[in-house]
Structures are given as structure tokens and as C-alpha cells.
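The values are calculated or read from the model by the stated rules, or taken from the named source; none is laboratory data. Quick caveat, the model's predicted, so the values are computed rather than measured. Cβ sites come from the backbone with ideal geometry, for glycine too, and all protein chains shown count toward neighbours. SASA here: full protein model, heavy atoms, side chains in, ligands and nucleic acids out. Shrake-Rupley method; radii C 1.70, N 1.55, O 1.52, S 1.80 Å.
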Amino acid sequence: MWSIVLMGLAGLLVGGALSFRQQKSPRWVQVVFYVLAAMALLAAYLLTLPAA
């Protein structure tokens, strides 16, 4: 369940980064959004791993 929510969040963050890119915002804002999206995808992946 939470992995699906995190994947959706990652999609929204990538969309936000692309939107900021079209608006000619500072580069660091786009990078932050992409990094947060990558972290959300990593967390979603880690939640799918079986417990040790």
C-alpha cells in the first residue's frame, strides 16, 4: 500500500520538476525535486523487500 503511495508521490515530484523547468526556475529547485523523487522510489522499493 505505502509503496503505491510513494510511487505516486515520485510521479508528482517529477511532474513538478518538469513544470519548474518550463518556468525557467533556478536549477537547484529542479535538482531537489528529482532527488526527492528518487528517494521516494527507493523507499517504495525497500518497502517491497521481504523482512529478514
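In the set (1) open to solvent by less than 100 Å² (accessible area, probe 1.4 Å); (2) out of contact with any Lys or Arg (no Cβ under 7 Å at 6 or more places or on another chain), the condition left unmet by residue 23 is number (1).
Residue-wise test of (1) loosely packed, with under 13 Cβ neighbours inside 10 Å; (2) part of a helix (DSSP H, G or I); (3) touching a residue at least 60 places away in the same chain (Cβ under 8 Å).
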{"position": "28", "(1), (2), (3)": "yes, yes, no"}
{"position": "33", "(1), (2), (3)": "no, yes, no"}
{"position": "38", "(1), (2), (3)": "no, yes, no"}
{"position": "41", "(1), (2), (3)": "no, yes, no"}
{"position": "46", "(1), (2), (3)": "yes, yes, no"}
{"position": "51", "(1), (2), (3)": "yes, no, no"}
